[in-house]
1. Of all DSSP beta bridges located in the chain, what percent are antiparallel, nearest 5?
2. Through the Karplus equation 6.51 cos²θ - 1.76 cosθ + 1.60, θ set to phi - 60°, convert the phi angles of the stretch 142-159 into ³J(HN,Hα) values in whole Hz; use x for Gly and Pro.
3. Can you give me the % of accessible surface on the stretch 40-123 that is carbon or sulfur? Probe 1.4 Å, all protein chains present, nothing else counted.
4. Take F48, F204 and sort them by solvent-accessible surface of the protein heavy atoms, 1.4 Å probe, largest at the top.
5. Just the accessible area per residue of the chain, please: how many Å² with a 1.4 Å probe?
6. Amide H of E247: which non-local residues (sequence gap of 5 or more, or other chain) have their own amide H closer than 5 Å, using H built in the peptide plane?
7. I'd like the accessible area for T167, computed on protein heavy atoms only with a 1.4 Å probe and all protein chains in place. Round to 10 Å², please.
8. Using heavy-atom solvent-accessible surface (probe 1.4 Å) with all chains present, what is the largest-first order of R289, R183, R175, R153?
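The values are calculated or read from the model by the stated rules, or taken from the named source; none is laboratory data. No experiment lies behind these values; they were computed from the predicted model shown. Don't worry about glycine lacking a Cβ; one is built from the backbone with ideal geometry, like all the others, and counts go over all protein chains shown. Calculation scope for accessible area: heavy atoms of the full protein, side chains included, ligands and nucleic acids excluded. Shrake-Rupley method; radii C 1.70, N 1.55, O 1.52, S 1.80 Å.
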Amino acid sequence: RADAAMYRAKHTGRNRVCFYSHQIEKVLSRQVALEDDLRAAFKQEEFFLYYQPIVDSDTGEVYATEALCRWKNPKTGEMVPPATFIPVLENIGLISDVGKYILEAACKQMTEWEVQGKELHMSINISARQVADNSFIDSVATTLSNHNLSGTRFIFEITESLLLTNTDQCISVLRKLRSMGIRIAIDDFGCGYSSLSYLKKFPFDVLKIDKQFVQELDSSQQDVIFVKAILDMAKALSLKTVAEGVENEKQARILQNLGCDTLQGFYFSAAESGQQIRARMGHTNNILRFPA
Ligand code: C2E
Ligand code: MG
Ligand code: MG
Ligand code: MG
């Protein structure tokens, strides 16, 4: 975008050049400030996790939670969405370190819940850059064994085009994770870079249907057809299925009828602190809502 602005600027005279370069400078300095804030955030351990339940579509019972990273900018007091800060962490080379911190935090939470009598699976988002990091496998193995947690308790969720730039290395890492019992999910399926060619190339265990296909399920017959096709294909490939972005009962019921294994979305619960999630599960014996 900066290039385009420069180009336009050059072709529309001097005043514009000043205007555009001023704009570019502002954007760049904001970007640099965010990078500095995120480096500090890592050092100060400001990142924390919220957890969103994933429920069995037949019983409504919580099967797992997805760990979702949160960061509140201490300067503004505002929560910054992960869609904003995760890509920056990737660009400044911090995602592997933050990823280790996230896995560690998730393990601590699982142990805490376990002590309180709740043994859940944990779904964790993994950046493709982590997969490309040589120390990734060893670090995962060490963390799980330090916490005495079996790999079978974890699902690692992956998206992104980056996987395709180093296909063989990625496949080998995913295989090693699976040999530890960790299941691999393709996240945001049907959307952007998360496509059929991925299903063909990589060893997945779980398919997460992107919320884009779920949100109009209750009003669009065409979306029902798409979701049915995705679920049928997943079943034929022996993949477990998750639908994300389930916001109402009608969507939940359609997904249940179409045979989607598990459901996730605001209808059941938003992502909340470990304590909040634990409290609500305690009141309801792990069942947040009956989907139908
Ligand atoms: P995602 O992995 O696809 O996570 C699902 C996102 O959908 C979350 O947004 C969640 O809060 C939101 N969501 C859940 N239910 C509903 C619903 O019913 N309706 C709507 N409209 N949204 C719903 P969030 O937490 O903002 O995360 C955005 C993305 O940031 C994630 O998408 C994931 O790609 C990335 N991300 C989050 N945490 C981490 C992390 O720890 N590591 C990495 N590498 N990426 C992360
Ligand atoms: Mg995810
Ligand atoms: Mg994602
Ligand atoms: Mg997703």
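1. Percent antiparallel among DSSP bridges in the chain is about 40.
2. Rounded to whole hertz, the list is 5, 4, 5, 6, 4, 9, 6, 10, 7, x, 5, 7, 10, 10, 9, 9, 10, 10.
3. The value for the stretch 40-123 is 50 percent carbon and sulfur by accessible area.
4. Correct descending sequence by accessible area is F48, F204.
5. 52
6. Correct list: Y267.
7. Near enough 30 Å² of accessible area.
8. From most exposed to least exposed: R175, R289, R183, R153.
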